[in-house]
1. For segment 13-38, give me each residue that is over 29 Å from Y326 (Cβ atoms) and among the aromatic types (F, W, Y).
2. Could you please let me know if G74 is in contact (Cβ under 8 Å) with a residue 24 or more places away in the chain, farther than 22 Å from F122 by Cβ and in contact with a strand residue (DSSP E or B) (Cβ under 6 Å, 6 or more places away or on another chain)?
3. Need the failing condition index for E325 against (1) more than 30 Å from L101 (Cα to Cα); (2) out of contact with any strand residue (DSSP E or B) (no Cβ under 7 Å at 6 or more places or on another chain); (3) of a type outside the set (K, R), just the number.
4. Please state which of the following conditions E92 fails to meet, knowing it meets all the rest: (1) under 22 Å from F134 (Cα atoms); (2) surrounded by fewer than 18 Cβ atoms within 10 Å (Cβ to Cβ); (3) touching a residue at least 40 places away in the same chain (Cβ under 8 Å).
5. Just name the residue that is farthest from K5 (Cα to Cα) out of those in segment 125-172 that are among the hydroxyl-bearing types (S, T, Y) and within 13 Å of the chain's Cα centre (by Cα).
6. Could you figure out which of (1) over 20 Å from A154 (Cβ atoms); (2) at pLDDT 95 or above; (3) surrounded by fewer than 22 Cβ atoms within 10 Å (Cβ to Cβ) isn't true of E77?
7. Among the residues of segment 26-71, which ones are within 28 Å of L171 (Cβ to Cβ), among the charged types (D, E, K, R) and in contact with a strand residue (DSSP E or B) (Cβ under 6 Å, 6 or more places away or on another chain)?
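The values are calculated or read from the model by the stated rules, or taken from the named source; none is laboratory data. Worth saying up front: this structure is predicted, and the values here are computed from it rather than measured. Cβ: placed from backbone, ideal geometry, glycine included. Neighbour counts: every protein chain shown.
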Amino acid sequence: MNELKGLHHVTAITSSAEKIYNFFTYTLGLRLVKKTVNQDDIKTYHLFFSDDVGSAGTDMTFFDFPGISKGVHGTNEISKTSFRVPNDDALEYWEKRFTRLEVKHTGIKEQFGKKVLGFVDFDDQQYQLISDEFNEGVESGTPWQNGPIPLEYAITGLGPIFVRTSYFDYLKEVLEQVFFMREIAQEDSFHLFEMGEGGNGAQVILEYNTVLPQARQGFGTVHHTAFRVDDRSDLEAWQQRLQGFKLPNSGYVERYFFGSLYTNAAPSILFELATDGPGFMGDEPYETLGEKLSLPPFFEEKRDQIEKLVRPIDTVRSTKHFEKEYE
């Protein structure tokens, strides 16, 4: 069986599709490559932010479920998402940028030998930037060429995801025995696991915590995280493996932009395995990615209904010029 190749995407919940679009576009300089809807709840937007061409392993996505309450951070949640930047100098750029734009941040710190910079958005969604200065392993993506961030400092993809759990022994066994991950380091209550080629783009950090209350999902929290596989045949092999370990799973799910397989790896921890392709440029040209409401073919007959359910959001950028912001 082929090993997991690394991180594929992280999906979170936001209180405002408009505000998260502005934050990711103008503050973080990630590219909106797909504006679509939640296939299980068509009145809900699903926005995909990634590198310049929507590469697998670079995107964070958001739902904006109508009427959902604010989430509560605690134990038993995917607690933090990392983004990769080229080097330590880039972190210094971002520290100054966050201070200037009044984005709450922790200042530059170090964990597992890498420089990191923690920050939050308007919903208290937890993130960090991680330096690729001494990184080896899975390659990162290509920064958004026409965005506001100088390319030498820009975000290029996903870094380690954090999972806080009170079921540490169980989840450790699942990561190692089911998903072929390996523990390579420990700092206090944090345990670093990696898969495939390893490195920042293929790591999970488990935090053992029995002190905090149970997390509650809502806006400002992560819904699930996905790991990369090559194609549908890989997903089918993984489905058989999950069944062999008696882990419940969704079976193959066609998402059009990629194929998926979901499983609850531990209480309140939802993992997805997702194929690298077909990707995001099958129905939109590179120049205007994310500017129209994109629907998979099996939803086209519902387009009129869906367009009445979701409010219009202006995501046109092809007619705009972004000056690179060096401070």
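1. Across segment 13-38, there are no qualifying residues.
2. Working: in contact (Cβ under 8 Å) with a residue 24 or more places away in the chain: yes; farther than 22 Å from F122 by Cβ: no; in contact with a strand residue (DSSP E or B) (Cβ under 6 Å, 6 or more places away or on another chain): yes.
Considered against the rule, which asks whether it is in contact (Cβ under 8 Å) with a residue 24 or more places away in the chain, farther than 22 Å from F122 by Cβ and in contact with a strand residue (DSSP E or B) (Cβ under 6 Å, 6 or more places away or on another chain), G74 comes out as no.
3. With respect to (1) more than 30 Å from L101 (Cα to Cα); (2) out of contact with any strand residue (DSSP E or B) (no Cβ under 7 Å at 6 or more places or on another chain); (3) of a type outside the set (K, R), E325 is out only on (1).
4. Of the numbered conditions (1) under 22 Å from F134 (Cα atoms); (2) surrounded by fewer than 18 Cβ atoms within 10 Å (Cβ to Cβ); (3) touching a residue at least 40 places away in the same chain (Cβ under 8 Å), the odd one out for E92 is (3).
5. Of the residues in segment 125-172, the ones among the hydroxyl-bearing types (S, T, Y) are 127, 131, 140, 142, 153, 156, 165-167, 170.
From what's left, within 13 Å of the chain's Cα centre (by Cα): 127, 156.
Values: Y127: 22, T156: 17 Å.
Looking at residues that are among the hydroxyl-bearing types (S, T, Y) and within 13 Å of the chain's Cα centre (by Cα), I get Y127.
6. Only one criterion in (1) over 20 Å from A154 (Cβ atoms); (2) at pLDDT 95 or above; (3) surrounded by fewer than 22 Cβ atoms within 10 Å (Cβ to Cβ) is unmet by E77, namely (3).
7. Correct list: D59, K70.
The rows are residues; the columns are (1) touching a residue at least 24 places away in the same chain (Cβ under 8 Å); (2) farther than 20 Å from F23 by Cβ; (3) buried (at least 19 other Cβ atoms within 10 Å of the Cβ).
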| site | (1), (2), (3) |
| --- | --- |
| R97 | yes, no, yes |
| K109 | no, yes, no |
| L117 | yes, no, yes |
| V120 | no, no, no |
| E139 | yes, yes, no |
